[in-house]
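Coordinate-derived values only; no laboratory data. For clarity, every value in this text was computed on a predicted model and none was experimentally measured. When we count neighbours, we look across all protein chains shown, and the Cβ atoms used for this are built from the backbone with ideal geometry, even at glycine.
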Amino acid sequence: MVEFKFEIKKGSRKVIAKLDHWLKATPKAVTDELNAIGLDVRNNIMTNMKKTKKVRRKKGEDKKSHKASLPGNPPAIDSGRLVNSFEILSRKRSVEIGTNVIYAKWLEFGTKPYTIKTKKKHGLSDGTNFFGKKVQHPGIAARPFLEGGMKGIDIKKRIIEALGRGTK
């Protein structure tokens with residue numbers, strides 16, 4: 001997230017008045033630019049995910065099984081659910097790029113090891129091997145995608161230019 005800090009010192013009533021004006025009446029040019037930045041970030045995220053190479057399958061591995069990306073890279077596209085779920089929420093003075101896909105945060109930040117327990121009387125199985133009623137999962141390595149979406153976008157410069165356009 002990019003934040004602008006303004007330092008207000010004693011005797012700078014003119015600056016305070018200008019800041020108050022910006023808070024009350026954000027120029028349409030800034031709102032439009034925030035929306036454009038949101039679209040650019042979303043498009044970068046989608047492009048990065050589409051370019052991600054998947055890990056090769058092991059010999060004899062089922063062709064329908066999931067092929068992940070390497071840890072540290074954006075997630076590889078499998079079903080397309082995540083890559084197609086990004087939405088932009090644009091407001092007068094802010095823009096949010098997000099997804100409602102529950103596993104997005106696990107991919108972005110990774111997970112610690114965790115236990116998987118069965119809800120059925122039978123144990124856990126992959127169809128060939130029987131694992132018991134609970135299994136210790138090693139966790140998921142992070143596959144960040146949000147920060148990479150902001151690479152190459154000079155947000156501060158674009159907002160300052162939009163402020164200039166909005167005051168003309």
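The H on the amide N of LYS133, modeled in the peptide plane, is under 5 Å from the matching H of LEU124, each at least 5 residues off or on a different chain. Reported to the nearest whole Å, the Cα centre-to-centre distance from segment 84-99 to segment 100-168 is 17. Counting Lys and Arg as +1 and Asp and Glu as -1 over every other residue whose Cβ lies under 13 Å from the Cβ of ILE102, the net charge comes to +1. Mean projected area of the convex hull spanned by the Cα atoms of segment 77-116, taken over all viewing directions: 4.0 nm².
The phi-based Karplus calculation (6.51 cos²θ - 1.76 cosθ + 1.60; θ = phi - 60°) puts the 3J(HN,Hα) values of segment 141-147 at 6, 4, 10, x, 10, 5, 4 Hz, whole numbers, x for Gly and Pro. For the residue pairs LYS105/LYS134; LYS54/LYS105; LYS51/LYS117; LYS54/LYS156, the C-alpha atoms sit more than 30 angstrom apart in LYS51/LYS117; LYS54/LYS156. With the dipole of segment 28-141 worked out from charges on the C-beta (+1 for Lys and Arg, -1 for Asp and Glu) around the Cα centre, which of VAL55, LEU107, ILE77 lies farthest toward the positive end? Highest projection toward the positive end goes to VAL55. Please state the shape class of segment 83-168: rounded when a/c is under 1.5, otherwise prolate if a/b exceeds b/c and oblate if not, all from the C-alpha gyration tensor. In terms of gyration-tensor shape, prolate. Phi angles of segment 153-158 translate, via the Karplus equation with coefficients 6.51, -1.76, 1.60 and θ = phi - 60°, into HN-Hα couplings of 10, 8, 4, 4, 4, 5 Hz per residue; Gly and Pro are given as x. Ordering of 142-151, 105-114, 118-127 by packing is 142-151, 105-114, 118-127, highest average first (other Cβ atoms within 10 Å, averaged per residue). Available extension along the chain between ARG81 and ASP126 is 13.9 nm, counting 0.36 nm per residue and deducting the alpha carbon span. Between THR118 and GLN136, the simple label model (points 7 Å from Cα in the Cβ direction) yields a spacing of 2.0 nm.
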